[in-house]
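The values are calculated or read from the model by the stated rules, or taken from the named source; none is laboratory data. Every value quoted in this text rests on a predicted model; they were computed, and no experiment measured them. Backbone-built Cβ (ideal geometry, glycine too); neighbour counts: all protein chains shown.
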There are 2 protein chains.
Amino acid sequence: MTERHLHSETGTTRGDFRMTPQRAAILEEVRAASEHLTAGEIFERVHRRYPSIAYGTVYRTLHLFAERGLILEFPFGDQASRFDKRVDRHDHVHCTRCGMLTDVDVPTALFARQVAADQTGFDITGHQTVFSGVCPACSTATGLRR
Amino acid sequence: MTERHLHSETGTTRGDFRMTPQRAAILEEVRAASEHLTAGEIFERVHRRYPSIAYGTVYRTLHLFAERGLILEFPFGDQASRFDKRVDRHDHVHCTRCGMLTDVDVPTALFARQVAADQTGFDITGHQTVFSGVCPACSTATGLRR
DNA sequence: CGCGAAGTAGGATTGATTCTCAACTGGGAG
DNA sequence: CTCCCAGTTGAGAATCAATCCTACTTCGCG
């Protein structure tokens, strides 16, 4: 049944896993980044410090961290998944021109989750709102054309 | 189709396209579907009627339609993009187990858009909330509670 | 010291999506 | 009616993200 999750995700990160140099480097890069990085970008950066690191290791580690709540993963689509150092709930604004992704704090209704759960019967565990639009830079740059 | 809006600076062809049999078939399949199909599924179905149709044609057409607002595209990340016949604004619930995608109508704050616009300076044109969770079928199927 | 579990490198592999390009189509101009 | 052209299409190669596989290391523990 559920013994897959023996480790408590609630408390602290136990000695569930080893904090190896590779993992530490990956975590550092994500935290050092000013924006949201894709897995590929993270790989590149870590690779500079650990030229021997493998792509697979980065993915494995990133997912491990995401599972443990050390970082957040956002599976976007038009591009690669991005990872965020912020772990508190927040939403994003996505520029349809340049692809930039920015954080926003929207007092999103928890109530919305309830509505969604009621309508679908799902057991809702999370939600994320993505606003689409054109960032200031892009809109002034070329003038809107739609 | 007699509606033409030829724009001078055509980066992409907007405003004029032929409704070929292939395109009609693709549109029909999307509209006939009870749920959200991936590009691959759409290809399969159309392929039954037009065995000669190419994968590329399906993608090309799907994007064309999405651009013109005939359908909506939802690019996920861990899975394939899905296409929706509904073009009115609505949100989705995504089952993390089986990947099912369901529509929901959440009266999410239009107000949220305003907040997002204020915070980022973006010209917000749309927004979409994705709720993650486990669908009724999956949760009862395995008796797993979370 | 030796075993087993956890972790890693590296490359092969899968899957979705896009791109390239030659052949084709339909409608309007001549 | 015939030719020309922009828009389309088919087929497969090319991309690109993400996962899988396998042998090699390391670490913890008795």
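Which pairs turn up if I take residues in the range A:23-40 that are more than 14 Å from every other protein chain (Cβ to nearest Cβ) and look for partners that are more than 14 Å from DNA strand C (Cβ to nearest atom) and in a loop (DSSP other than H, G, I, E, B) with beta carbon separation below 7 Å, at least 6 apart in sequence or on another chain?
Cβ pairs passing all conditions: A:Val30/A:Ile71; A:Val30/A:Lys85; A:Arg31/A:Lys85; A:Ala33/A:Lys85.
When the residues of the range B:50-68 are filtered to those that are of a type in the set (Ser, Thr, Tyr) and within 8 Å of DNA strand D (Cβ to nearest atom), which remaining residue is farthest from B:Gln22 (Cα to Cα)?
Within the range B:50-68, the match that is farthest from B:Gln22 (Cα to Cα) is B:Tyr55.
Condition check ((1) closer than 22 Å to B:Asp88 by Cα; (2) at pLDDT 95 or above; (3) out of contact with any Cys (no Cβ under 7 Å at 6 or more places or on another chain)) across all residues:
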position: B:Leu6; (1), (2), (3): no, no, yes
position: B:Thr12; (1), (2), (3): no, no, yes
position: B:Asp16; (1), (2), (3): no, no, yes
position: B:Ala39; (1), (2), (3): yes, no, yes
position: B:Thr57; (1), (2), (3): no, yes, yes
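Within the range A:61-84, does at least one residue satisfy the condition of being more than 21 Å from B:Pro75 (Cβ to Cβ), among the aromatic types (Phe, Trp, Tyr) and modelled with pLDDT of 90 or more?
Checking the range A:61-84: at least one residue is more than 21 Å from B:Pro75 (Cβ to Cβ), among the aromatic types (Phe, Trp, Tyr) and modelled with pLDDT of 90 or more.
Within 11 Å of DNA strand C (Cβ to nearest atom) and either over 11 Å from the mean Cα position of the chain (by Cα) or charged (D, E, K, R) (or both): does that describe A:Gly99?
no
For the range B:77-133, give me each residue that is more than 16 Å from DNA strand D (Cβ to nearest atom) and of a type in the set (S, T, N, Q).
B:Thr102, B:Thr108, B:Gln114, B:Gln119, B:Thr120, B:Thr125, B:Gln128, B:Thr129
Is one or more of the residues making up the range B:69-76 in contact (Cβ under 8 Å) with a residue 12 or more places away in the chain and over 13 Å from the mean Cα position of the chain (by Cα)?
No; the residues of the range B:69-76 include none that is in contact (Cβ under 8 Å) with a residue 12 or more places away in the chain and over 13 Å from the mean Cα position of the chain (by Cα).
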